[in-house]
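The values are calculated or read from the model by the stated rules, or taken from the named source; none is laboratory data. For clarity, every value in this text was computed on a predicted model and none was experimentally measured. Here the Cβ positions follow ideal geometry from the backbone for every residue, glycine too, while neighbour counts run over all protein chains shown. Accessible surface is based on the protein model in full, side chains and every heavy atom, while ligands, DNA and RNA are left aside. Shrake-Rupley method; radii C 1.70, N 1.55, O 1.52, S 1.80 Å.
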Amino acid sequence: MLANKFWQTLSRYSFCCVAFCICLVISFKSLASTQLQSRWQQVESLGKDQSVYFYAWGGDAQINAYIQWAAQQVKTKYNINLVHVKLSDTSEAVSRVLAEKSANNNDRGSVDLIWINGANFATMSEHSLLLKQWANKLPNFSYTDPSNNPAVNFDFGIPTNGMEAPWGQASLTFYYDSLAIDGTANNTLPTTLNQLLSWSAQNPGRFSYPKPPDFLGMSFLKYALVMLHQQSDETLKAQLNQPATAQNTAQVLNPLWDFLNKLHPTLWRDGSHFMQSGAQMRRLIGDTELSIAFTFSAPEVPAAVKRYDLPKSIRSYAMQDGSLSNTHFVAIPYNASHQQSAQLVANFLLSPEAQAQKQKAPIWGDKSVLIQSTLTPQQQALFKTMQPHPSALPLNSIKRTLSEPHPSWVNAIIQGWQTRFGVSQ
């Protein structure tokens, strides 16, 4: 009897303890949720009726038009005047914030929001130029399913630590003139890096890439570098995700130089001259000087065809061995003059409405960072697509994505390329 009473009493106490713990957890969660709501209400209160200076690359008419659409929306919602400061290179904004910090301008910065990723993020993070722990507190950040989606928590392998809000995803996309390909040797479209080398040798002068440090040219070189190490031993391959050093640079980059030594003699103008930009490369394929080109903005292709900048015979495709892909973000400098207003803009850019609008091919075609399972049926319906343009990248073309190497490899590649191939440029 005593034993039974003891166990009954113990069971009651155990049940009470478990119930208490559950209530405590629920209370903590409720408190955290309440605090986030209270914080966001304060952000909304302080962020309205301000101007936000958004420093973002301005080299694409579709993207510029989308930013203007977003500006109209935040004007209506929050009376925010979103000013797109168009950049030719994101490093211009990085240099501006760095100069302001050097001048002890720590609270009246000229840059409120910046479109950023990769090496520029690494630089700003290293020099403590970004506002911390704000992006992960945006109400719409939950739509990215951050607990199960590392792409929104890491930028080229570097933890974002709440310093960046994801904005979109992009992949290296190739495009070609179908009429020109029909007239080339073997009539075969190259779909791997090795095939591209062979195709260019059989069709000299019909392919090239922009010279570094152009973003597109660097993207092609990084794609080649990653692919060339696919068969390397794991220790060497892992170096791509580590900082470039004096000790590992030669071993990692030598395969790339060997590949380029074979490729360059087959390129446009025998590899003795390189174009300056992706826009120039697009003009060359439009003028039929090139047969194959590439972009990191897939919707740029059908948009150019519709503008008659490219012929109707243009078609897009993804390399079968892999497509270099990354997530791009927006960040707030540590000294931004309108930090709360910038957070309101960033949260809107993460909304289902804004992400669905951005993903539409005629608008921008930039892949959403939102995870569909986190959305309501009504929100999911916003993402229904129309019939794509014949020149657009077919849906689900990208079968394999390739992660960007550590940002430090950008400078290592630029310096090595200039030393070996840049003298005559």
The stretch 49-94: number of residues that are under 17 Å from the mean Cα position of the chain (by Cα) and charged (D, E, K, R): 2
Number of the exception - residue 341 against (1) among the small types (Gly, Ala, Ser); (2) assigned to a helix (DSSP H, G or I); (3) surrounded by fewer than 22 Cβ atoms within 10 Å (Cβ to Cβ): (3)
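This table checks each residue for (1) assigned by the TED database to the domain that holds residue 155; (2) surrounded by fewer than 21 Cβ atoms within 10 Å (Cβ to Cβ); (3) modelled with pLDDT under 95.
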{"residue": "192", "(1), (2), (3)": "no, yes, no"}
{"residue": "204", "(1), (2), (3)": "no, yes, no"}
{"residue": "207", "(1), (2), (3)": "no, no, no"}
{"residue": "237", "(1), (2), (3)": "no, yes, yes"}
{"residue": "267", "(1), (2), (3)": "no, yes, no"}
Matching entry among 249, 245, 235, 288 (being free of Cβ contacts under 8 Å to residues at least 40 places away in the same chain, of a type in the set (Val, Ile, Thr) and within 30 Å of residue 88 (Cα to Cα)): 245
Meets criteria (assigned to a loop (DSSP other than H, G, I, E, B) and over 22 Å from the mean Cα position of the chain (by Cα)) for residue 198: no
Test: residue in the stretch 307-318 that is buried (at least 23 other Cβ atoms within 10 Å of the Cβ) and among the polar types (S, T, N, Q): yes
Meets criteria (of a type in the set (Ser, Thr, Tyr) and open to solvent by 70 Å² or more (accessible area, probe 1.4 Å)) for residue 125: no
Failed item in (1) outside the structural domain of residue 226 (by the TED database); (2) open to solvent by 40 Å² or more (accessible area, probe 1.4 Å); (3) basic (Lys, Arg), with residue 282 passing the rest: (1)
Strands (runs of 3 or more DSSP E) wholly inside the stretch 107-192 containing at least 1 residues that are more than 15 Å from the chain's Cα centre (by Cα): 113-116, 173-177
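Only one of 179, 196 is in the same structural domain as residue 309 (by the TED database), closer than 24 Å to residue 401 by Cβ and of a type in the set (A, V, I, L, M). Can you tell me which?
Result: 196 is the single residue among 179, 196 that is in the same structural domain as residue 309 (by the TED database), closer than 24 Å to residue 401 by Cβ and of a type in the set (A, V, I, L, M).
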Subset of the stretch 77-94 [open to solvent by less than 70 Å² (accessible area, probe 1.4 Å) and assigned to a helix (DSSP H, G or I)]: 78, 91, 93, 94
Residue tally, condition loosely packed, with under 12 Cβ neighbours inside 10 Å and of a type outside the set (A, V, I, L, M), over the stretch 95-107: 4
Leading residue by the ranking (nearest to residue 169 (Cα to Cα)) among those in the stretch 362-382 that are open to solvent by less than 50 Å² (accessible area, probe 1.4 Å) and at pLDDT below 90: 366
Tally, over the stretch 44-60, of residues that are open to solvent by 70 Å² or more (accessible area, probe 1.4 Å) and over 13 Å from residue 343 (Cβ atoms): 3
